[in-house]
Amino acid sequence: MAVASEVALLFPGQGAQRVGMGRELADACPEASAIFARANAALGFDLARLCFEGPAEELNRTSLCQPAILTVSVAALEAWRARGTCPEGVPSAGLSLGEYTAHVYTGAFAFEDAVRLVHQRGQFMEEAGRENPGGMVAVMGCNRERLNDALEGAREFGVAEIANLNCPGQVVVSGSVTAMDWLARNVRNFGAERAIRLKVSGAFHSRLMAPASDKLSRALAEAAIYPPHAPVVSNVTGKFVTFATDIRSLLVRQLTSPVLWEDSVRFLLAGGIQRFVEVGPGAVLKGLLAKIDELVKCCTLQAPADLEMVDSFLGA
């Protein structure tokens, strides 16, 4: 699907969560407050309170932060739509979990279905992490050839696979505990500037998530997917996905495949996108954009005070 647009929307993934997120939106915007109420009803527990009050150790759980981030992102989106200035029909992309939010934006998923799906997805990922213990390491400042050499060394101790290609000089690796321990200790010997152990419950986007992928496949098979009003960039291919069957299969593959974030952004830039709006908590994607192309313009939307700024940014 070709879309003539200079604007694209971006939606954050796991790691963007913080206690208090969404509270200002819910207090100021009835449409945002309604999204939190709908999430609570769909999930059967008080997700809104978890977002607003924590505790952080609960909010950081994979099975809870995923529906929480999606809900806050959609609440921000609905607050924007209520102003009548949110662009419709423009391309979008989301980092891992954020790809589901993008599909809510396009109408491919009903919000209630999406929030239940990502809650299940998080549960499946936690279960896979217990079944196949592993971790993730962010590697900074290492060129691809030397990183591949480091991965070969790590593979002597277990699974070690590229999980996220985020931006130049930032690659996230997933794998078994022993392999990630070795990589974190030794990757600087291969030219990396530093290595950061990520606080996650498993080796996301690697073969160790296969049990989660199998369960997610069954859950997605039962989910209704509607014709989208705009294309979404798939994390797996770095290209647009528009058909329901492809959305299902790519979301399943996403759990065990690398997230091609840099490729996704460059694909949008090559298609004529000049301005991005990151909708949801944090500003992680804005930071990655600046490292992919320092001339890219991006604005974030996560609180009521941002609404007027975003409209001005887009000339609305």
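Quickly run through region 264-291 and pick out the residues that are surrounded by 18 or more Cβ atoms within 10 Å (Cβ to Cβ) and either of a type in the set (Lys, Arg) or assigned to a helix (DSSP H, G or I) (or both).
In the first step, residues of region 264-291 are kept if they are surrounded by 18 or more Cβ atoms within 10 Å (Cβ to Cβ); the result is 264-265, 267-268, 273, 276-282, 284-286, 288-289.
Within region 264-291, 264, 265, 267, 268, 284, 285, 286, 288, 289 meet the criteria.
Restricting attention to region 275-313, which residues are aliphatic (A, V, I, L, M) and either closer than 18 Å to residue 70 by Cα or assigned by TED's automatic domain parsing to the domain that holds residue 169 (or both)?
Initially, region 275-313 is screened for residues aliphatic (A, V, I, L, M), giving 277, 279, 283-285, 288-290, 292, 295-296, 301, 303, 305, 307, 309-310.
Correct list: 277, 279, 283, 284, 285, 301, 303.
Any residue in region 237-253 that's among the small types (Gly, Ala, Ser): show its pairings with residues that are surrounded by 16 or more Cβ atoms within 10 Å (Cβ to Cβ) and part of a helix (DSSP H, G or I) at Cβ separation under 7 Å, as long as the two are six or more apart or on different chains.
Pairs found: 238/263; 238/264; 238/267.
Can you name the condition, by its number, that residue 151 falls short on among (1) within 20 Å of the chain's Cα centre (by Cα); (2) not assigned by TED's automatic domain parsing to the domain that holds residue 253?
(1)
Output the helices (runs of 4 or more DSSP H) that fall wholly within region 5-59 and possess 2 or more residues being more than 28 Å from residue 88 (Cα to Cα), or say none.
47-53, 56-59
Going by the structure shown, is residue 251 touching a helix residue (DSSP H, G or I) at 6+ places or on another chain (Cβ under 9 Å) and closer than 22 Å to residue 100 by Cα? Let's see the steps before the verdict.
Details: touching a helix residue (DSSP H, G or I) at 6+ places or on another chain (Cβ under 9 Å): yes; closer than 22 Å to residue 100 by Cα: yes.
Yes; evaluated as a whole, the condition is true for this residue.
Against the condition assigned by TED's automatic domain parsing to the domain that holds residue 20 and free of Cβ contacts under 8 Å to residues at least 40 places away in the same chain, how does residue 89 come out, does it pass?
On the way: assigned by TED's automatic domain parsing to the domain that holds residue 20: yes; free of Cβ contacts under 8 Å to residues at least 40 places away in the same chain: no.
The answer is no for residue 89.
When only residues in region 188-211 that are within 21 Å of residue 260 (Cβ to Cβ) and in a helix (DSSP H, G or I) count, which is nearest to the chain's Cα centre (by Cα)?
209
Which one of the conditions (1) touching a residue at least 24 places away in the same chain (Cβ under 8 Å); (2) more than 30 Å from residue 294 (Cβ to Cβ); (3) not aliphatic (A, V, I, L, M) does residue 178 fail to meet, given that it meets all the rest?
(1)
Of the residues 71, 85, which single one is surrounded by fewer than 24 Cβ atoms within 10 Å (Cβ to Cβ) and either closer than 25 Å to residue 313 by Cβ or small (Gly, Ala, Ser) (or both)? Even if it seems obvious, please write down each step before you answer.
Values: 71 fails: surrounded by fewer than 24 Cβ atoms within 10 Å (Cβ to Cβ).
Just a single option satisfies the conditions, and that option is 85.
Identify the single condition in (1) of a type outside the set (Ser, Thr, Tyr); (2) surrounded by fewer than 19 Cβ atoms within 10 Å (Cβ to Cβ); (3) in a strand (DSSP E or B) that residue 130 does not satisfy, given that it satisfies every other one.
(3)
Please indicate, with yes or no, whether at least one residue in region 218-241 is more than 30 Å from residue 8 (Cα to Cα) and out of contact with any Leu (no Cβ under 7 Å at 6 or more places or on another chain). I'd like the intermediate steps shown before the answer.
Of all residues in region 218-241, those more than 30 Å from residue 8 (Cα to Cα) come to 218.
With out of contact with any Leu (no Cβ under 7 Å at 6 or more places or on another chain) added as a condition, the list becomes 218.
So far as region 218-241 goes, yes, one or more of its residues are more than 30 Å from residue 8 (Cα to Cα) and out of contact with any Leu (no Cβ under 7 Å at 6 or more places or on another chain).
Condition check: among the acidic types (Asp, Glu) and under 14 Å from the mean Cα position of the chain (by Cα). Does residue 294 satisfy that?
Working: among the acidic types (Asp, Glu): yes; under 14 Å from the mean Cα position of the chain (by Cα): no.
In short, no.
Those residues that are farther than 22 Å from residue 68 by Cα, polar (S, T, N, Q) and either part of a helix (DSSP H, G or I) or modelled with pLDDT of 95 or more (or both), I need them from region 133-166; list them, please.
Correct list: 148, 166.
Taking residue 74 as the residue in question, decide whether it is touching a Phe, Trp or Tyr at 6+ places or on another chain (Cβ under 9 Å) and either of a type in the set (Ser, Thr, Tyr) or outside any helix (DSSP H, G or I) (or both).
On the way: touching a Phe, Trp or Tyr at 6+ places or on another chain (Cβ under 9 Å): yes; either of a type in the set (Ser, Thr, Tyr) or outside any helix (DSSP H, G or I) (or both): no.
Considered against the rule, which asks whether it is touching a Phe, Trp or Tyr at 6+ places or on another chain (Cβ under 9 Å) and either of a type in the set (Ser, Thr, Tyr) or outside any helix (DSSP H, G or I) (or both), residue 74 comes out as no.
For region 81-100, enumerate the residues that are assigned to a helix (DSSP H, G or I), in contact with a helix residue (DSSP H, G or I) (Cβ under 6 Å, 6 or more places away or on another chain) and more than 23 Å from residue 198 (Cα to Cα). Spell out the reasoning first.
Quick first cut of region 81-100, residues assigned to a helix (DSSP H, G or I) only: 81-82, 98-100.
From what is left, the residues that are in contact with a helix residue (DSSP H, G or I) (Cβ under 6 Å, 6 or more places away or on another chain) are 82, 100.
Hit for region 81-100 is 82, nothing else.
For the subset of region 194-215 comprising residues that are among the hydrophobic types (A, V, I, L, M, F, W, C) and surrounded by fewer than 23 Cβ atoms within 10 Å (Cβ to Cβ), which member is nearest to residue 56 (Cα to Cα)? Explain how you work it out, then say what you get.
Applying the first criterion (among the hydrophobic types (A, V, I, L, M, F, W, C)) to region 194-215 yields 195-196, 198, 200, 203-204, 208-210, 212.
From what is left, the residues that are surrounded by fewer than 23 Cβ atoms within 10 Å (Cβ to Cβ) are 195-196, 198, 200, 210.
Values: 195: 24, 196: 20, 198: 16, 200: 14, 210: 28 Å.
Within region 194-215, the match that is nearest to residue 56 (Cα to Cα) is 200.
The values are calculated or read from the model by the stated rules, or taken from the named source; none is laboratory data. Model, not experiment: these values are computed from the prediction. Heads up, the Cβs are rebuilt from the backbone with ideal geometry, glycines too, and the neighbour counts pull from every protein chain shown.
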